[in-house]
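The values are calculated or read from the model by the stated rules, or taken from the named source; none is laboratory data. Note that the coordinates shown come from a computational prediction; the quantities given were computed from them, not determined experimentally. We place every Cβ from the backbone using ideal geometry, glycine too, and count neighbours over all the protein chains shown. In case anyone asks, the SASA skips ligands and DNA or RNA and just uses the protein heavy atoms, side chains included. Shrake-Rupley method; radii C 1.70, N 1.55, O 1.52, S 1.80 Å.
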Amino acid sequence: MKFSGWKRSAAASGLVAVLSSTTANAASSEAIEARLRALEAEIAKLRREARQARAESQRAAQSAERSAERAKAAEAAATPLMPPVFVAFKNGLFVESADKAYSFKIGGRMQFDGGGATQPLNGWSGQAGVRQVRLEIEGKAAKYWFYKLQYDFAGSQYGTPFNAPVQGGIRDFYIVLQHPLMTLPFAKEPAFIHVGSYFEPFSLEFTGSSRFRDFIERAMAVEAIAPSRHLGAAIGAYGDNWTAKGGIFTTSFEDLNTNPAVGVSPLFGIPTKAGWFPTGGGQYFDLTGRLTYAPIMTEHDLLHVGVSGRYHQPNSATGTSDDRVLRLGNRIRSEAYILNQGLLGTPDLSCGTVALPGWASAAAARCVNSVQSFGVELSAAHGPFSLQAEYLAQQVNRNSTNIMLARLAGAFAPGGASHYFSGYYIYGQWYLTGEERAAAYDVTNKIGANFNQITIKHPMSAGGFGAVGLAARYSALNLNSGPYSGSSLYNMLAYTTLIAPNPAAASYIANAGVVGGRQQNVTLGINWYPENGFHFQFNWTHVLQASAPLNDYALFGVGVPTRQGPYFNSAHPNLFEARAQVYW
């Protein structure tokens, strides 16, 4: 009985334990489930926050992307993409945009000269050299702006100082503006403004390129009287068959000296030891213009006429800087530059710089008040035959008082208040191979109406022989202005200085006029263009007449002038010159 009671007690205790354990497990399960539900809620919350963060990040990225696209669009609108370009390598490198608003060309030329003379006089009996080695860049920008820079690495430095420029190698260096707002009712294209260094609008031959010139050298009259490149500003216009251009110009890179002399006259009574020096001095300037008209202008026929004019104010310039005008003709080399035979040239018409007794220092004598030059031109062509001619003249107006003061100061200052110099040429050419010069005529060149490269009918690259032309020219230049010249002048000076010395008579004879000499030439030439970009030439020049200049006579000295004048008067030299040229 006891045993059964114990068993009942143990069973009851086990039942209680089981029930307690079950109750505990149930409570623990509920806690776990509650914890799981809390964790799941936390995870759901984190997921919602993550989704919100991702959405906000995507929205920010999209906003940034849209901002970047808007910035790119704005940049593209502000700076449009450059259109495609056209590139060509024919005769240089040429690049142009498809809309033709931008372009540039890299070009250049090389000229090799050589020759000999039968009677060299003051030149060379034989010589060879490099005449030009030029590189250039030209083109257009923003539709309406044109530009060009040309530099000569050779510089033509052989010969005497008057034979070549000494101031660097810059030649053309300019910008041009040609805008529709400048359109004239009677013009083919808008007028243009031209600023920089370039040929003054004067003369047909001088403004033409040496690449296409029919003779190796320009005619004497053109080389002596026509102005070269100068710094300046001009306005020009052109129509179907006419051109007009005019402007103001000053210093040239080709001047012997780019600075004028000092211009303030020293005062009397200032002792030299005071250290006073004259100051000031103004550079020369030109007012120059040219008009051309072609009443006949077709592919096969041409008639061109033109007129040029220039007013030159020397101010304080002298023959040391403004030598082309004030030492007229001193750069001429008998139309055979490489042989350096200079038979012409006036003394310094400005009287140079002088210092009278009592002056503290020298200053510009200012013997020239002004210079007026003009030229008329004619060119005609019919088929393979062409003609060209020009007449040029220069009037020099001087100050008689300053001339007398310069003589008192010991300067050689011949002549009086007014002097007139002139020259001309005429030539013809016939292309044996049938090329026509009329087709090369161009009125759109910003420099003025002139001729471009002829069209070669049968170039060597196509199995032909190229273009061959025969040319003949007569030219004359008279730089004498006074009662005595040539042999009679030198005979009288020899008599009054050597045979029967009479200083007063010799001084009167030497100062009676300006004697720059006189010369007449005839030239025969051959031109051969085997291809575009190649030009070979040969010239034979015969001096028909030479009248010697008097440009370095010592007023009261004893003896004949130092220059070989007496020998020039009877000379008839023959000069032979050849040129090989490539340009691109």
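Just to be sure before I move on: is residue 455 open to solvent by less than 30 Å² (accessible area, probe 1.4 Å), under 24 Å from residue 378 (Cα atoms) and touching an Asp or Glu at 6+ places or on another chain (Cβ under 7 Å) in the structure I sent?
no
Looking only at segment 81-138, filter to residues that are assigned to a loop (DSSP other than H, G, I, E, B), touching a helix residue (DSSP H, G or I) at 6+ places or on another chain (Cβ under 8 Å) and closer than 20 Å to residue 537 by Cβ; which one of those is most open to solvent (accessible area, probe 1.4 Å)?
For segment 81-138, the residue satisfying everything is 124.
What are the residues in segment 319-350 that are open to solvent by 10 Å² or more (accessible area, probe 1.4 Å) and over 30 Å from residue 524 (Cα atoms), if any?
320, 348
Which of (1) assigned to a loop (DSSP other than H, G, I, E, B); (2) at pLDDT below 95; (3) at negative phi; (4) touching a helix residue (DSSP H, G or I) at 6+ places or on another chain (Cβ under 8 Å) is the odd one out, the single condition residue 505 does not satisfy?
Single failed check for residue 505: (1).
I need the full set of residues from segment 218-242 which are open to solvent by 10 Å² or more (accessible area, probe 1.4 Å) and either part of a loop (DSSP other than H, G, I, E, B) or in contact with a Gly (Cβ under 6 Å, 6 or more places away or on another chain) (or both), in order please.
218, 232, 233, 240, 241
One residue is enough: does segment 500-519 have a residue meeting the conditions of a type in the set (Ser, Thr, Tyr), open to solvent by 10 Å² or more (accessible area, probe 1.4 Å) and closer than 28 Å to residue 379 by Cα?
no
Given the conditions (1) within 23 Å of residue 523 (Cα to Cα); (2) open to solvent by 10 Å² or more (accessible area, probe 1.4 Å), report the number of the one that residue 357 does not fulfil.
(1)
Give the residues of segment 385-423 that are open to solvent by 40 Å² or more (accessible area, probe 1.4 Å), part of a strand (DSSP E or B) and of a type in the set (Gly, Ala, Ser), sorted by residue number.
Within segment 385-423, 418 is the sole residue that qualifies.
If I filter segment 361-372 for residues that are more than 19 Å from residue 223 (Cα to Cα), at pLDDT below 95, under 31 Å from the mean Cα position of the chain (by Cα) and charged (D, E, K, R), do I get at least one hit?
yes
So residue 426 passes all but one of these: (1) within 30 Å of residue 299 (Cα to Cα); (2) in contact (Cβ under 8 Å) with a residue 40 or more places away in the chain; (3) open to solvent by 10 Å² or more (accessible area, probe 1.4 Å); (4) touching a His at 6+ places or on another chain (Cβ under 7 Å). Which condition number does it fail?
The single condition residue 426 does not satisfy is (4).
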